[in-house]
Amino acid sequence: MLSAALAALLLGGTPAWAHSRLLRTSPGDGATAGEVTTSVVLTFNERVKQRFTTVVVRGADGTSFGKGGVHVVDDNVTQDVYPLPSGAYRVAWRAISADGHPVQGEFRFTVALPPGAEPTVRPPATVASAVPPSRKEPWGWLAAGAVVVLVTIAGVAVIGRKRRARVGL
């Protein structure tokens with residue numbers, strides 16, 4: 001009886017803590033698409049969560065071709081893209097497993113369209129900020145630092161009062 005229970009524990013099914021795993025993509029990793037591509041699909045071994053799942057499709061020049069957010073249906077994640085012209089593409093993805101753990105990765109593919117089949121629709125140009133990033137960023141860090149300092153001072157004051165009360169001062 002004991003040996004049967006031990007065998008069941010050791011030879012049991014797959015662990016419940018296993019994270020989602022990417023099974024395949026469309027277009028495939030390293031593949032060359034010969035027709036206009038308007039979406040990228042990732043298929044996982046189990047359902048993934050819509051929230052916080054992202055897919056970024058970039059051309060060789062860094063242009064982002066994503067069109068809207070991702071759509072998750074069961075184990076498939078779809079990212080619509082503006083029609084992809086001939087060229088190399090990199091897809092970076094991050095998904096949240098059914099167990100809540102993030103998984104991520106990337107893959108690459110190429111589009112090689114026949115002459116005359118290049119799409120005319122392009123993704124909108126990104127609007128550059130008028131303020132350089134180096135000028136914007138410090139304010140957030142300074143505010144966060146000020147909060148940390150204030151919380152530390154308040155904590156030290158509370159601890160000091162409790163110690164003085166115990167000593168009887």
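Numbers for the structure displayed
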{"read-out": "For THR37, distant residues with modelled amide H under 5 Å away", "value": "LEU84"}
{"read-out": "Burial ordering of THR43, THR120, THR53, fewest other beta-carbon atoms within 10 Å first", "value": "THR120, THR43, THR53"}
{"read-out": "Length added when fully stretched, ALA154-THR110, from 0.36 nm per residue minus Cα-Cα", "value": "10.1 nm"}
{"read-out": "³J(HN,Hα) computed for each position of region 38-55 - Karplus, 6.51 cos²θ - 1.76 cosθ + 1.60, integer Hz, glycine/proline x", "value": "10, 7, 10, 10, 10, 10, 9, 7, 8, 4, 10, 8, 5, 5, 6, 7, 9, 9"}
{"read-out": "Linear extension gain, GLU46 paired with ALA125, 0.36 nm per residue minus alpha-carbon span", "value": "24.9 nm"}
{"read-out": "Rounded FRET efficiency, nearest 0.05, which uses the C-beta distance separating HIS101 from VAL36 and R0 of 45 Å", "value": "0.80"}
{"read-out": "Ranking of TYR89, TYR82 by count of other Cβ atoms within 10 Å, fewest first", "value": "TYR82, TYR89"}
{"read-out": "Net charge contributed by nearby residues that have their C-beta within less than 13 Å of GLY105 (K/R +1, D/E -1)", "value": "+3"}
{"read-out": "From phi via Karplus (6.51, -1.76, 1.60), per-residue ³J(HN,Hα) for region 66-73 in Hz, x at Gly/Pro", "value": "x, 10, x, x, 6, 10, 10, 10"}
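No lab work stands behind these numbers, since they all come straight from the coordinates. Everything numeric in this text was worked out from a predicted model, so none of it was measured. Note that each Cβ is placed from the backbone with ideal geometry, even for glycine, and that neighbours are counted across all protein chains shown.
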